[in-house]
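A quick write-up on the structure given underneath.
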Amino acid sequence: MQSGIHPLKVDYPTSLRMANAGFYDAWRKVHPDEIKFPVFTWSPSTKVDDPKDHHDRIDYVYFKGSKLKLVDAEIVGKKKRSADIVIRPYPSDHRAVIATFKMTN
């Protein structure tokens, strides 16, 4: 939850089901502070403070397994101010989350 933007924390049912099944959210494992790293993947077409839109995160990479080591999680999009990896032309109506893993023995 980001102070001043979202008035309350929302536990989405699908995210809760994934967590209850033992999966981890790659973005939150790398960036656990929701205030410092709020991550909005929807909507890339309006500004975060646009009163006619509600920016949110709709893209996730979930993982589990003792042989997976999470290395990094980044946002892919069309503008540097809202993405770690910039692609132009960007082929989607929302940003993406990409996670890098190493396989261990």
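Read the figures in this text as sums done on the coordinates, not as results from a lab. Note that the structure is predicted; figures quoted are calculated from it, not measured. Virtual Cβ from ideal backbone geometry, glycine too; neighbours counted across all protein chains shown.
Could you point to the label whose value was computed as Cα extents along the principal axes in Å for the structure here, given (i) 42, 30, 19; (ii) 48, 34, 21; (iii) 122, 23, 11?
The value computed from this structure is option (ii).
For n ≥ 4 DSSP H runs only, could you compute -39500 (n - 2.57) per run for the chain, divide by its residues and tell me the 222 nm figure to the nearest 500?
Working: 2 runs with 13 residues, N = 105.
Dividing the helical sum by the residues of the chain leaves -3000 deg cm²/dmol.
Count the net charge of all other residues whose Cβ sits under 15 Å from the Cβ of Gly77, scoring Lys and Arg as +1 and Asp and Glu as -1. Please list the in-between numbers first.
Details: positive: Lys47, Arg57, Lys78, Lys79, Lys80, Arg81, Arg88, Arg95; negative: Asp56, Asp59, Glu74, Asp84, Asp93.
Charge balance in the 15 Å sphere: +3.
Starting from the Cα of Ala21, step 7 Å along the direction of its Cβ; do the same at Asp72; then give the gap between the two resulting points in nm.
In this crude label model, Ala21 to Asp72 measures out at 2.9 nm.
What are the ³J(HN,Hα) values, in whole Hz, obtained from phi via the Karplus relation 6.51 cos²θ - 1.76 cosθ + 1.60 with θ = phi - 60°, for each residue of segment 10-17 in sequence order, with x given for Gly and Pro?
Whole-Hz 3J(HN,Hα) from phi for segment 10-17: 10, 9, 5, x, 5, 5, 5, 5.
Quote to one decimal, in nm, the extra length available between Lys79 and Asp33 on full extension: 0.36 nm per residue of separation minus the C-alpha distance between them.
Additional length available on full extension: 14.3 nm.
Mind checking segment 12-105 for trypsin sites (Lys or Arg not before Pro) that DSSP puts in a loop (not H, G, I, E or B) and that have at most 14 other Cβ atoms within 10 Å?
Sites meeting the loop and neighbour criteria: Lys36, Lys47, Lys52, Lys64, Lys67, Lys79.
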